[in-house]
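What follows is one structure encoded as C-alpha cells, with my remarks underneath.
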Amino acid sequence: MIAPVLNMLWASPLQVVAILIWLAFILGPSTVVAVGVLFLFVPLQGFVTKKLLSYRRAQLKFTDVRVKLTNELVQGMRVVKLCGWEDAMRDRIVALRKQELAVVRKTRIISALFSMLLVAQPLLVTVVTFSVYKALGNPLTAPTVVTSLALLTMLRFPLVFLPFIIIQTL
C-alpha cells in the first residue's frame, strides 16, 4: 500500500503544476483565482482529515474496551449470575456504549463535512473561475469551457487526496 502513496506523493505536485500551466494558457489571469480557491480548500481538508482520523482512533479504543468487557461478561456468565452482577455489568457496558456513540456521532459529522467539501470544491472553483473570466471581458466559448472544465476536473483528484497522502506518509 506504500507504493501508490509514494507515487502520488511525487506525481501530484507535477500534475498540479502541469494542469495549472495549461489552464493559464486557456483562461489567463482567471487561473490565479482558481488556484486561490483550490489552495484555500487544501488546509481545510487537511484539518478535517486529521480530525476525522483522531475521532476514528478514539472510536476504535472505545469499541475495543466495550467488546473486551462484553467478551469477559459472556465468558464469566455463571459468576455474574450467581453474584447478581447483571445490572452492574449492563450499566458499565451501556456507559461505554454511550461514550462510543458520542465519538461515532462526531466522526459522522466530520465525515459529512469532508464529503461536503469534496462535492462543493469543484463547483465553487468552476463558478468563481468562469465568473472572473467573464468579468474580465472574455467570451465563454464551448472550446474554452469544455477544455477548462476537463482540466479543473483533472486538478481535483491530486488536490483532494494530497492531504490524505501527506498524513499517511507522516
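For Rg/Rh (Cα atoms, Kirkwood Rh), pick the label among [x] 0.98; [y] 0.93; [z] 1.26 that corresponds to the value derived from the coordinates.
Among [x] 0.98; [y] 0.93; [z] 1.26, the one calculated here is [z].
Using 0.36 nm per residue of separation minus the Cα-Cα distance, give me the extension gain between residue 24 and residue 135 in nm, one decimal.
Computed gain between residue 24 and residue 135 is 38.3 nm.
How high is the relative contact order of the chain, given as a whole-number percent (alpha carbon pairs under 8 Å, six or more residues apart)?
Computed over the chain, the figure is 50 percent.
Just add up the charged neighbours of residue 67: K/R +1, D/E -1, any other residue whose Cβ is under 14 Å from the Cβ of residue 67.
Once positives and negatives cancel, what remains is +2.
Return the distance in nm (one decimal) between the two label points of a simple spin-label model at residue 111 and residue 147, each offset 7 Å from Cα along Cα→Cβ.
4.2
Taking amide hydrogens as modeled 1.01 Å from N in the peptide plane, which residues meet the under 5 Å criterion relative to residue 138, leaving out close sequence neighbours?
Those qualifying (amide H under 5 Å, at least 5 residues apart or on another chain) number zero.
No value in this document is a laboratory result; all are computed from the given coordinates. Treat the numbers as computed from the prediction; the structure is a model and nothing was measured. Here Cβ is always computed from backbone atoms with ideal geometry, including for glycine, and neighbour counts include all displayed protein chains.
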